[in-house]
Each structure stands twice: as structure tokens, then as C-alpha cells.
Amino acid sequence: KERLSRSSRRAVARWPRTMPMGLQRAGRSQRFTAVTEDVSLNGIGFSTTLDLQVGELLSLECQFCSAVGIVKNIRPGASGSNRRQVGVEFVTLRIKRERGGLVSTVRVTVRYTDLTDVPLIGVLVPPVVLHADVTMALEPP
């Protein structure tokens, strides 16, 4: 098993997300299409038939975001396919939706009632009610 060095580990997890995406090379007007595979706040992974180079600057557009990024890695796709898997690190990122674009959330409310059981005066003391609300990321299975 190959161990990753501390510097090569992802700072932010990527989430699987498949959606159509448009891309454009810096300084060129022709637009191309690709399909995203995963997304994070730092970058995006996608597959394409386009012959890209590591270090190339791209403009990216999908339902989640508009971004400019640098191609960081390129891997061959499935055997017999002319598609390539491309990893891009964002230089700029504009998220299109305030909520639910990248990470789905779940809200949990917990409520606990503790009845007072002190003899004689317990009837006069109201129950203690504790409650808490939290919103957190819904992690993929």
C-alpha cells in the first residue's frame, strides 16, 4: 500500500456529483462539454475527450458554480475509451446557489423533558425542558 505524504492529502473532501459542465480554454472562444465526477470547494474532477495539458487554465461552468481553474492532473479513462479524467484546482469560484448546491444538509432537533421527582414540592416545581437544534452536512453513504 502506498502511503500519501501529509502535503498530498486533500484538505477538503470531494463529493461525488455527476452533472454536465461547459469548459473553455483561457484566451479561446470555443466551448466544450464535459461531465463532472466529483466536486469540492477546492476543485473539481471531470471526464472529457478534450486533449488538455497539466497547468492549462480553464473557465468552467456547471449548475453548481462558475469557476476558473488550473489543470492539476490527467488520467486515462476506462480501457477502450478516449475519455480522460481531469482534476482541476479552482483559482476563483462563484457558487451559484446559496444552499444545497454542493452539500445537502439535515436539521436535527432534540428535546428532553425531566420531570421533578422531589417529594412533596415536586408538584410545585415545573419540569426541566432541554432542547437543541443543529444543522449539519448530510454525508454521502
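Structure data summary
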quantity: Output for the range 75-88, where each listed residue is open to solvent by 90 Å² or more (accessible area, probe 1.4 Å) and modelled with pLDDT of 85 or more; calculated: Arg75, Pro76, Asn82
quantity: Residue count for the range 50-65, restricted to those that are farther than 13 Å from Thr36 by Cα, surrounded by 13 or more Cβ atoms within 10 Å (Cβ to Cβ) and not hydrophobic (A, V, I, L, M, F, W, C); calculated: 2
quantity: Hits in the range 105-124 (condition: acidic (Asp, Glu) and either in a loop (DSSP other than H, G, I, E, B) or touching a Gly at 6+ places or on another chain (Cβ under 7 Å) (or both)); calculated: Asp117
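The values are calculated or read from the model by the stated rules, or taken from the named source; none is laboratory data. Given the structure is predicted, the values throughout are model-derived calculations rather than measurements. Quick reminder, even Gly has a Cβ in these numbers, built from the backbone with ideal geometry, and neighbours come from all protein chains shown. Each accessible area value is taken on the protein alone, full model and side chains, heavy atoms only, with ligands, DNA and RNA left out. Shrake-Rupley method; radii C 1.70, N 1.55, O 1.52, S 1.80 Å.
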